[in-house]
Amino acid sequence: MDLKKLLRPESVAVIGASDSEGFGGGVCRNILNFVADRRRVYFVNPRRVQVLGVTCYKSMADIDDTIDLAIICTPQKTVIPLLHEAAEKGCGGAVVFASGYSEVGTKEGIAAELALKQAAESLGIAIMGPNCAGFANYVGDVQAFAFVSANRDRRGSVGVVSQSGQLCLTMMDDPSMRFSFSISAGNAKLVTLEDYMEFLVDDPDTKVVCVYLEGVKNPEKFAAVLKQAAQKKKPVVMLKAGRSEKAGEIAASHTGSLSGSDQAFDAVLKKFGAIRVDDLEELKAMSQMLATLPRLPKKAAFASMNLSGGETTICADVASLYGIEYPDFTEETLEALKEQLPDYATPNNPLDTTATLSYDADLYAKVLRTVMADPNVEMILIGYTLLHEIADPSIHFMYEGIEKVSKDKDCKPIAMIPFMENTRNPEYSNKLFHIGVPILPPTTYAFKLLAYLSAYIQYQGDEKSLSLKCSSYTTKETDVYALSEYDSKKELMAYGIGTGAELVAKSEEEAVAFATKVDVPVVMKIESADILHKSDVGGVKLSIYGEEAVRNTYHEILANVREKCPDANINGILMAPMLEKGIEMIIGVNNDPLFGPIVMVGMGGVFVEVFQDVALYPAPLNMSEAKEMLQSLKSYPLLDGYRGGKPCDIEALCKTIVQVAAYACANVDTLQELDINPVFVYDEGRGVGIADALLVKR
């Protein structure tokens, strides 16, 4: 959908212009406060000659100009007739503030929305809303926002799209935020949130896409936009509500219980390199940091410069909470700092420069250049609390030194970290912004943001399979059924997921014959689609060897199951050679209603419930992504030869993960859940062994 006339209009008409409080009055005031060139902005109100000193037209038909954007500030019943009138003037975009559509949940509201959608489609008008707060285009000097805010310069490069108009206003009221666009999407049933995201990813004036959302309506479009952002290397920062919602009914498998819808959302963002934050402060600060920095650091290697030992210690402690490590300075850097700092200073990273330095602009610049020149360092963090009322003159000299360094051709990224939240001095906040130095929130927030930054700059989109395999199937509880272990394994074998020689013995003699043939200890398990947790009912026996033991075990298992599950449909006893013990892992899939198959890998056996050390990733995926999943696990060292142990066959495990993802994609409309647990991982070159599998189908 072309949003140019909606978001970058050449001409604008405000229908329902007013000087009263409300949507019409708010839009008019914002236009008068913020729009410098109002020659093609028209106020329309049939009952007014003027509004706020501006001439009013009786109707759009009276305007001797084409109209790109109609801002409709009138009640719901007037909207469709006004759209027809606007279309006669060449209108291609409209903002509809009126409410009472599908968001109220009534038949009348749903019908009104359908009629609005049909009118917009037939007229070729892109509609923002309904029930929205409008938008502001700061780079194009367009105001269609209904809430009045303080008069200040907000032009910048953060493109905001939000499903909450109040959150848009909250960010607009923050003096540190600077925007290309601020868009309140409303109920977004016509032009969707994904459409706005696509516009901002394409927009050359938008450096960072900042999103608040409550849900995804079009997962395919959502994924396509994130892929586009990843390929363009344009950051997308996202705050999603609903993290604490119950994911659904208790799942049949471990995978289902560990990879609910919110976890799936996290996995999707990770795949495409988007940044998910936890609250509005993080959303605002992360977006503004990324937009302010002239360039991002090449790697996550930070140096901290502070005025006191206390500040230095705080930076060291809080950084460690978020996995931020300070590389050691080189010997050359340490020697230079010893010459430049007072005798009582001890050069280290993080660095206590002492307060003496902050009163000498040239010396401060010299030390800053020395730290910046260290090859181990890629970004400088300056510890300083910028108070609203400046009494101590140190910031004057510090800023002068920072400004000198910022002009250097090889200047590395710089950010300032306060140690308490105080109202920032607006003069120096603006000065630092204009030389590309963001002021972060205080330390706990700041280092969490730097952890997000570290993950973002380490993301390698060209190594990813940047696609999803979404399903259009809506699962009902009655549609779901489980396969037996044998049938589950048999289906997986068609995708190269091997399980070895097995047999369902329907008699004692068949069980003995199988055990005699393989001539190794066997595992004997009840084979029934009605019994998902076989061990709980005495349906699994291990290391059975010899004819007598096989016969006794055969009867024992059947007796246990008949007692505890008398109504279960039993296919027989599943016979298989005992697998050699290895590192126990689990591989699973949960088919998310929005994003399709989400692959899980983690510690297996009983450990999956105890430690819940798992990694999730959307299918399809490749070998590189499979290995990345494994490396993200806390238990990964066990696979990689921990404390002198032999490395496991990580390549074979990765191959199995990829094969499982391929199976899930090929069966996206019939697969509900999959557990392969445990998967025994053997020494390097010896492959993996699959001990058990459970398929839940639709």
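How much of the calculated P(r) for segment 1-128 lies past 20 Å, in percent of all Cα pairs?
Details: 3367 of 8128 pairs.
Everything past 20 Å amounts to 41 percent.
How do Phe34, Phe135 stack up against each other in accessible area, from largest to smallest, with a 1.4 angstrom probe? Don't skip to the answer; put the middle values down first.
Values: Phe34 40, Phe135 0 Å².
Result, largest first: Phe34, Phe135.
Take segment 370-486, drop everything but the C-alpha atoms, weight them equally and run the Debye formula without solvent; then report log10 I(q)/I(0) at 0.12, 0.15, 0.17, 0.20 Å⁻¹ to two decimals.
After summing over all Cα pairs, the log10 values are -0.60, -0.79, -0.96, -1.19.
Quote the accessible area belonging to Phe199 in square angstrom, nearest 10, computed with a 1.4 Å probe and with ligands, DNA and RNA left uncounted.
Accessible area, nearest 10 Å²: 40 Å².
If you count only protein heavy atoms and use a 1.4 Å probe, how large is the accessible surface of Leu579, to the nearest 10 Å²?
Per-residue accessible area (Leu579): approximately 60 Å².
In nm, what is the difference between 0.36 nm times the number of residues separating Glu10 and Ala241 and their Cα-Cα distance?
Value of the extension gain: 79.7 nm.
Suppose R0 equals 51 Å. What FRET efficiency, 1/(1 + (r/R0)^6) with r the Cβ-Cβ distance, do Gln166 and Thr356 give to the nearest 0.05? Could the numbers behind the result be given before it?
Numbers: r = 47 Å, r/R0 = 0.92.
The computed FRET efficiency comes out at 0.60.
For every helix of n ≥ 4 consecutive DSSP H residues, a contribution of -39,500 (n - 2.57) applies; sum these over the chain, divide by its total residues, and give [θ] at 222 nm rounded to the nearest 500 deg cm²/dmol. Don't skip to the answer; put the middle values down first.
Details: 23 runs with 255 residues, N = 698.
Result for the chain: -11000 deg cm²/dmol, rounded to the nearest 500.
Quick check: from the Cα gyration tensor, does segment 567-692 come out rounded (a/c under 1.5), prolate or oblate? Write out the running numbers ahead of the final one.
Values: a/c = 1.77, a/b = 1.15, b/c = 1.53.
Since a/c reaches 1.5 but b/c is at least a/b, the shape of segment 567-692 is classed as oblate.
Would you please name the chymotrypsin sites (Phe, Trp or Tyr not before Pro) within segment 319-390 that are DSSP coil residues with at most 13 other C-beta atoms within 10 Å of their C-beta?
Values: sites: Tyr322, Phe329, Tyr344, Tyr359, Tyr364, Tyr384; in loops: Tyr322, Phe329, Tyr344, Tyr384.
Passing both the DSSP loop test and the Cβ count: Tyr344.
Would you mind getting me the FRET efficiency between Asp262 and Lys117? Use the beta-carbon distance for r and R0 = 25 Å, nearest 0.05. Please report the intermediate quantities before stating the final value.
Numbers: r = 30 Å, r/R0 = 1.18.
So, using R0 = 25 Å, E works out to roughly 0.25.
Could you work out how far the C-alpha centroid of segment 371-415 sits from that of segment 15-69, in angstrom?
So the two Cα centres are separated by 46 Å.
How are the Cα pair distances of segment 390-445 distributed, in percent, across 10 Å bins from 0?
Once binned at 10 Å, the Cα pair distances of segment 390-445 give 21, 55, 22, 1.
Efficiency by 1/(1 + (r/R0)^6): what FRET value for Ser20 and Ala559, r their Cβ-Cβ distance, R0 = 56 Å, to the nearest 0.05? Let's see the in-between values first.
Working: r = 83 Å, r/R0 = 1.48.
Calculated transfer efficiency: 0.10.
Heavy atoms only, probe 1.4 Å: what % of the accessible area of segment 104-153 goes to carbon and sulfur, would you let me know?
Values: 1180 of 2120 Å².
Within segment 104-153, the accessible surface is 56 percent carbon and sulfur.
For Ser59, Ser122, give the ranking by accessible area with the largest first, probe 1.4 Å. Each step should come with its number before you reach the end.
Numbers: Ser59 30, Ser122 90 Å².
These residues rank, largest area first, as Ser122, Ser59.
Need one word for segment 292-416: rounded, prolate or oblate. Basis is the Cα gyration tensor (sqrt eigenvalues a ≥ b ≥ c); a/c below 1.5 gives rounded, then a/b vs b/c decides. Please list the in-between numbers first.
Values: a/c = 1.19, a/b = 1.16, b/c = 1.02.
Since a/c stays below 1.5, the shape of segment 292-416 is classed as rounded.
Over 10 Å intervals from 0, what percent of Cα-Cα pairs in the chain sits in each interval?
Spelled out bin by bin, the chain gives 3, 13, 18, 18, 17, 14, 9, 5, 2, 0, 0 percent.
My understanding is that a pair violates if its Cα-Cα distance is over 25 Å; which of Lys227/Lys627; Lys469/Lys490; Lys217/Lys489 do that in this structure? Display every interim value, and only then the final one.
Details: Lys227/Lys627 21 Å; Lys469/Lys490 23 Å; Lys217/Lys489 35 Å.
Correct reply: Lys217/Lys489.
For Cys56, which sequence-distant residues (separation of 5 or more, or a different chain) have an amide H within less than 5 Å of its own amide H, given hydrogens modelled in the peptide plane?
Gln50, Val51
Compute, for Arg369, the solvent-accessible surface of its heavy atoms (probe 1.4 Å) with the complete set of protein chains present, and express it in square angstrom to the nearest 10.
Solvent-accessible area, nearest 10 Å²: 100 Å².
I need the trypsin sites (Lys or Arg not before Pro) found in segment 483-516, filtered to DSSP loop residues with at most 13 other beta carbons within 10 Å of theirs. Spell out each step's value before the answer.
Working: sites: Lys489, Lys490, Lys506; in loops: Lys506.
Listed in order of number, the matching sites are Lys506.
If you plug each phi of segment 571-579 into the Karplus form 6.51 cos²θ - 1.76 cosθ + 1.60 with θ = phi - 60°, what whole-Hz ³J(HN,Hα) values come out, in order, with x for Gly and Pro?
8, x, 10, 7, 10, 8, x, 4, 7
Among rounded, prolate and oblate, which fits segment 623-673 when a ≥ b ≥ c are the square roots of the eigenvalues of its C-alpha gyration tensor, a/c under 1.5 means rounded, and a/b larger than b/c means prolate? Spell out each step's value before the answer.
Values: a/c = 3.28, a/b = 2.69, b/c = 1.22.
Taking the square roots of the gyration eigenvalues as a ≥ b ≥ c, segment 623-673 is prolate.
Take Val49 and Met578, extend 7 Å from each Cα along the Cα→Cβ direction, and tell me the distance between the two endpoints in nm.
Spacing of the two 7 Å Cα→Cβ label points: 10.1 nm.
Looking only at GluC sites (Glu not before Pro) in DSSP loops with at most 16 other Cβ atoms within 10 Å, what is the longest site-free stretch of the chain? Each step should come with its number before you reach the end.
Details: sites that count: Glu10, Glu21, Glu88, Glu214, Glu245, Glu249, Glu325, Glu389, Glu421, Glu580, Glu684.
That gives 422-579 as the longest site-free run.
Spin-label point model (7 Å from Cα, Cβ direction): what's the Ser99 to Tyr344 distance in nm?
Label-label distance for Ser99 and Tyr344, simple model: 6.2 nm.
Kindly sort Val537, Val148 by accessible area of their heavy atoms, largest first, with the probe set to 1.4 Å.
Output order, biggest surface exposure first: Val148, Val537.
If I require 27 Å or longer along the helix axis, counting alpha carbons, and a Kyte-Doolittle average no lower than 0.5, what helices from the chain are left? Use full DSSP H segments. Please list the in-between numbers first.
On the way: long enough: none.
Result, helices passing both filters: zero.
Report the extension gain between His396 and Glu427 in nm, rounded to one decimal, defined as 0.36 nm multiplied by the number of residues separating them, less their alpha carbon distance.
Values: separation 31, 0.36 × 31 = 11.16 nm, distance 1.09 nm.
Residue separation times 0.36 nm, minus the Cα-Cα distance, leaves 10.1 nm.
Sort all Cα-Cα distances of segment 574-638 into consecutive 5 angstrom bins from zero, then give the percent of pairs in each bin up to the one containing the longest distance.
With a bin width of 5 Å, the distribution comes to 4, 15, 24, 21, 17, 11, 6, 1.
The values are calculated or read from the model by the stated rules, or taken from the named source; none is laboratory data. This one's a predicted model, so the numbers in the text were calculated from it and none came from an experiment. Cβ sites come from the backbone with ideal geometry, for glycine too, and all protein chains shown count toward neighbours. Note: accessible area is taken over every heavy atom of the protein model, side chains too, but ligands, DNA and RNA are not part of it. Shrake-Rupley method; radii C 1.70, N 1.55, O 1.52, S 1.80 Å.
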